[in-house]
Amino acid sequence: MRRCFLPVLVLLAAILACSVPGSQTPLPTSVPTTVILTVYFTDTARYQVGTEPYEAAVTRMVTPPASLPEAVLTQLFLGPSKSEKAQGLVVVLSGTTGYSKLTIENGIARVYLTGMCNSKGATYTIANLIFANLIQFPEIQWIKIYDQNGETETPDGQSSSIPFCLEP
């Protein structure tokens with residue numbers, strides 16, 4: 001009887017050791033070193049002949065950001081690369097120099113521009129590019145763009161809005 005007891009005791013000890021919290025080796029978790037973003041720029045060839053959409057998508061690899069929409073806006077304001085420019089892609093800034101803040105709440109993205117925005121009478125502005133870039137995210141249904149003074153045409157409600165400086 002003693003001979004049977006020892007193997008059972010060893011088996012029981014092995015089972016207990018495996019079930020003790022912290023006794024198991026954690027599985028390795030890998031953090032991606034880069035993420036792929038889709039960024040839209042204006043395709044001058046399409047724009048010049050009036051063929052919509054005027055925006056063309058490019059991909060960018062960046063280190064994982066805290067916010068994908070913010071990372072896309074940052075890439076937008078960095079502008080197209082040399083090879084993208086060679087393909088006829090541009091960023092229409094409309095006098096802006098970037099953005100100071102992006103918030104997303106209740107489906108509304110609020111973008112606060114820097115620089116003196118001015119459409120100069122154009123119907124196609126930085127607003128078109130901001131819309132094209134942010135609408136790709138399912139958490140964003142409406143986009144409100146604010147000028148350098150923190151103003152937009154329709155600041156309240158579930159609707160999109162641009163500042164007066166981007167009107168034609």
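Nothing in this text is a laboratory measurement; each read-out follows from the coordinates by a stated rule. Only a predicted model underlies this, so the values are computations on that prediction, with no experimental measurement involved. Note: ideal-geometry Cβ built from the backbone for every residue, glycine included; neighbour counts use all protein chains shown.
Which percent, nearest 5, of DSSP beta bridges in region 35-166 are antiparallel?
Details: 18 of 24 bridges.
Looking only at bridges with both residues in region 35-166, the antiparallel portion is about 75 percent.
Report, in debye and to the nearest 20, how large the dipole of region 35-166 comes out about its Cα centre when Lys and Arg carry +1 and Asp and Glu carry -1 on their Cβ.
So the magnitude is around 380 debye.
If we count every other residue with Cβ under 15 angstrom of residue 99's Cβ, Lys/Arg +1 and Asp/Glu -1, where does the sum land? Kindly include the intermediate steps, with their values, before the conclusion.
On the way: positive: 101, 110, 144; negative: 70, 147, 151.
Residues near residue 99 contribute 0 overall.
What's the exposure ranking of 120, 85, going from fewest to most Cβ atoms within 10 Å?
120, 85
So if each residue of separation counts as 0.36 nm, and I subtract the Cα-Cα distance between residue 149 and residue 81, what length gain in nm does that give?
21.5 nm
Points 7 angstrom from Cα along the Cβ direction at residue 62 and residue 97: gap in nanometres?
Each label point lies 7 Å from its Cα, and together they span 2.0 nm.
On a straight-distance basis, which lysines could pair with residue 101 in a cross-link, Cα separation under 23 angstrom, same-chain partners fewer than 8 positions away excluded?
Within reach: 144.
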